[in-house]
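The values are calculated or read from the model by the stated rules, or taken from the named source; none is laboratory data. Remember, it's a predicted structure, so these values are computed and weren't measured experimentally. Cβ placement follows ideal geometry from the backbone for every residue including glycine, while neighbour counts extend to all protein chains displayed. Calculation scope for accessible area: heavy atoms of the full protein, side chains included, ligands and nucleic acids excluded. Shrake-Rupley method; radii C 1.70, N 1.55, O 1.52, S 1.80 Å.
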Amino acid sequence: MIYNWQYPNWPDFVYEQGILTQKQLDFLLKSGQGAGMLEGLRSTDQLELMLEIVVAEAMKTSAIEGELLSRIDVMSSIKKNLGIHETQPVFVKDHRAKGVAKMMVALRATFADELTAGALFEWHRMLMEGNRYINAGGWRSDESPMQVVSGAIGKETVHFEAPPSRQVAKEMEAFVDWFNQTTPGQTDEILNPLLRAGIAHLYFESIHPFEDGNGRIGRALVEKVIHQGLGYPALISVSSVIEKEKISYYSYLSKAQKSLEITDWLNYFGETILTAQTDSLKLIEFTLKKTRFFDRWKNEFNERQLKVIARMLAEGPSGFDGGMTAKKYMGIVKVSKATATRDLQQLAEIGVFQSIGGGRNVHYSLNMRTK
C-alpha cells in the first residue's frame, strides 16, 4: 500500500480546478446573511449564540474521538476562559473538558495570527491537560509506526500509516510554511476558504504529528482557515456535522490519504462546511424567533409555564421531541395532572401553543410566529 506522503511529488495535491467555486459563492452569500441576522440580536443573545456553537464544536470534536464530555463542564470551562462570571460556578473535574475549552477559546482569539509550531504545541498541551502518558507539546517521537487501525486484536485493518517520527519535524515545518503562505493576502493565497480548509485538514491529518489529539487539532485548523477567510470568527461547528456521519468522514479521508488526487475529498469536505453553515443559520434564525417570542409573551407566563417553555426552547431548531404533553409537563414542574392540563390549555388559548391531536393523545408545539 502506498500512502500520499510516499509519492515523490508529495505534498503537491492535484484536483479539478474550479470544483468549489459555486460552493464558495454559496458560502460567502450565507455568511453575509448570517452577519445581517446577527445584527438583529441583542448583545446578550449574540453571546448566548456564540457560546452555544463553541460548546457544540468542543463537544462534537471530542465525540468524534470517542470522548463524551459533560455539556455543563464544557460550558463552564468556556465561560471561565472568556472571563464570563457565573452566578453559580461549576467545579469542573474533567481535564478533557477544561483542555478542549481552552483550545477553542484560544483558537477564536488568535485566528488571524500566523500559525507556528509553538501555537500548535500550546493547543496540544491544552488538549492533553491532566494526561501524564502523552508527550504534550511536542511532536511524536516513538519509533513504532503511527497507524490508523480498526477491528479486533489480531484482525486489525490498517487504514493509514503516517510518516515515521523522524520525518515529522521537517514535514510540519513545510506544513506551517504552506499554511501561512496560503493565508489571504500572502504570496500563495488561496481565497476560497472551503478549498484551503479541505487541503489543510487532509495535509495535517496525513502527517499526524502528535501522539494523540491529531483529529481535534486538525479540525481546529479548519476553523482557523474559515475565520481567516472571512476575516472574523465565524459561528460554525464543522465537527457537529462530521460527528453525525463519522463513517463517511473516515471513508473519504482514508481514500484521500492513498493518493494525491483529492477532488472527491474536496467536494465532500466543501459540502460538509456548507452543511455546518446552514445549521448555524438555522440556529441564528431560531434565536431571533426566540427573542421575539419572549418579547411578545414574557408577561403572559406563570413560573411553571416559563420553566416548561424554556425547556422546550432548549432543544433548539429541531424542536421538542414529540411535543409537550400533560405527562411531560407534570414531570418537568412537579405538579398535578389537573394543574398541568389547565396550564397547557391556557397557553393554547392565548396562541403560545398549537395543539395537535385530541383527547388522551393531544400534544402541543410552540407557536414561534410573532404575529
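When you go through LEU274, LEU281 one by one, which is the residue that is closer than 21 Å to LYS246 by Cβ, open to solvent by less than 70 Å² (accessible area, probe 1.4 Å) and either within 20 Å of the chain's Cα centre (by Cα) or among the polar types (S, T, N, Q) (or both)?
Details: LEU281 fails: closer than 21 Å to LYS246 by Cβ.
Answer to the selection: LEU274.
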Given the conditions (1) hydrophobic (A, V, I, L, M, F, W, C); (2) more than 20 Å from SER239 (Cβ to Cβ); (3) open to solvent by less than 10 Å² (accessible area, probe 1.4 Å); (4) not in a helix (DSSP H, G or I), which single one is not true for PHE210?
(2)
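Can you find a residue in region 275-285 that is in contact with a strand residue (DSSP E or B) (Cβ under 8 Å, 6 or more places away or on another chain) and either at negative phi or assigned to a helix (DSSP H, G or I) (or both)? Walk me through it before giving the result.
Step one: of region 275-285, the residues in contact with a strand residue (DSSP E or B) (Cβ under 8 Å, 6 or more places away or on another chain) are none.
No, every residue in region 275-285 fails to be in contact with a strand residue (DSSP E or B) (Cβ under 8 Å, 6 or more places away or on another chain) and either at negative phi or assigned to a helix (DSSP H, G or I) (or both).
Filter region 284-315 for residues that are hydrophobic (A, V, I, L, M, F, W, C) and either over 28 Å from the mean Cα position of the chain (by Cα) or closer than 28 Å to LYS327 by Cβ (or both) and give the result.
Across region 284-315, the qualifying residues are PHE286, PHE293, PHE294, TRP297, PHE301, LEU306, VAL308, ILE309, ALA310, MET312, LEU313, ALA314.
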Here the residues within region 252-267 that are open to solvent by 40 Å² or more (accessible area, probe 1.4 Å), within 14 Å of GLU16 (Cα to Cα) and part of a helix (DSSP H, G or I) are ASP264, ASN267
Counting only residues in region 338-368 that are free of Cβ contacts under 8 Å to residues at least 12 places away in the same chain and in a loop (DSSP other than H, G, I, E, B), the one surrounded by the fewest Cβ atoms within 10 Å (Cβ to Cβ) is identified as GLY358
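Consider VAL241 carefully, then state whether it is crowded, with 23+ Cβ neighbours inside 10 Å and either modelled with pLDDT under 95 or assigned to a helix (DSSP H, G or I) (or both).
So VAL241 fails the test.
Of everything in region 304-329 that's among the hydroxyl-bearing types (Ser, Thr, Tyr) and part of a helix (DSSP H, G or I), which residue is most open to solvent (accessible area, probe 1.4 Å)? Steps first, please.
Restricting attention to region 304-329, the residues satisfying the condition of being among the hydroxyl-bearing types (Ser, Thr, Tyr) are 318, 325, 329.
Now restrict to residues that are part of a helix (DSSP H, G or I): 318, 329.
Numbers: SER318: 103, TYR329: 0 Å².
Filtering region 304-329 for residues that are among the hydroxyl-bearing types (Ser, Thr, Tyr) and part of a helix (DSSP H, G or I), the one most open to solvent (accessible area, probe 1.4 Å) comes out as SER318.
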What pairs come up if the first residue lies in region 218-240 and is touching a residue at least 40 places away in the same chain (Cβ under 8 Å), the second is among the acidic types (Asp, Glu), and their beta carbons are under 6 Å apart, counting only those six or more places apart or on different chains?
SER237/GLU57; SER239/GLU57
Residue that is most open to solvent (accessible area, probe 1.4 Å) [pool: residues in region 288-303 that are of a type outside the set (Lys, Arg) and in a helix (DSSP H, G or I)]:
GLU303
Name the pairs whose Cβ atoms lie under 7 Å apart, with the first residue in region 12-30 and under 26 Å from GLN257 (Cα atoms) and open to solvent by 50 Å² or more (accessible area, probe 1.4 Å), the second of a type outside the set (Asp, Glu) and in a helix (DSSP H, G or I), and 6 or more positions between them or separate chains?
TYR15/THR263; TYR15/LEU266; GLU16/THR263
Scanning region 19-35 residue by residue, those modelled with pLDDT of 95 or more and not in a helix (DSSP H, G or I) turn out to be LEU20
Given the conditions (1) open to solvent by 30 Å² or more (accessible area, probe 1.4 Å); (2) aliphatic (A, V, I, L, M); (3) within 19 Å of LYS282 (Cα to Cα); (4) in a helix (DSSP H, G or I), and given that ILE332 satisfies all but one, which numbered condition is not satisfied?
(3)
If you scan region 173-182, which residues turn out to be without any contact (Cβ under 8 Å) to a residue 60 or more places away in the chain and surrounded by fewer than 19 Cβ atoms within 10 Å (Cβ to Cβ)?
GLU173, ASP177, GLN181
Restricting the search to region 139-171, which residues are buried (at least 16 other Cβ atoms within 10 Å of the Cβ) and without any contact (Cβ under 8 Å) to a residue 60 or more places away in the chain?
SER165, VAL168
Quick check on region 58-69. Is at least one of its residues over 15 Å from the mean Cα position of the chain (by Cα) and open to solvent by 70 Å² or more (accessible area, probe 1.4 Å)?
no
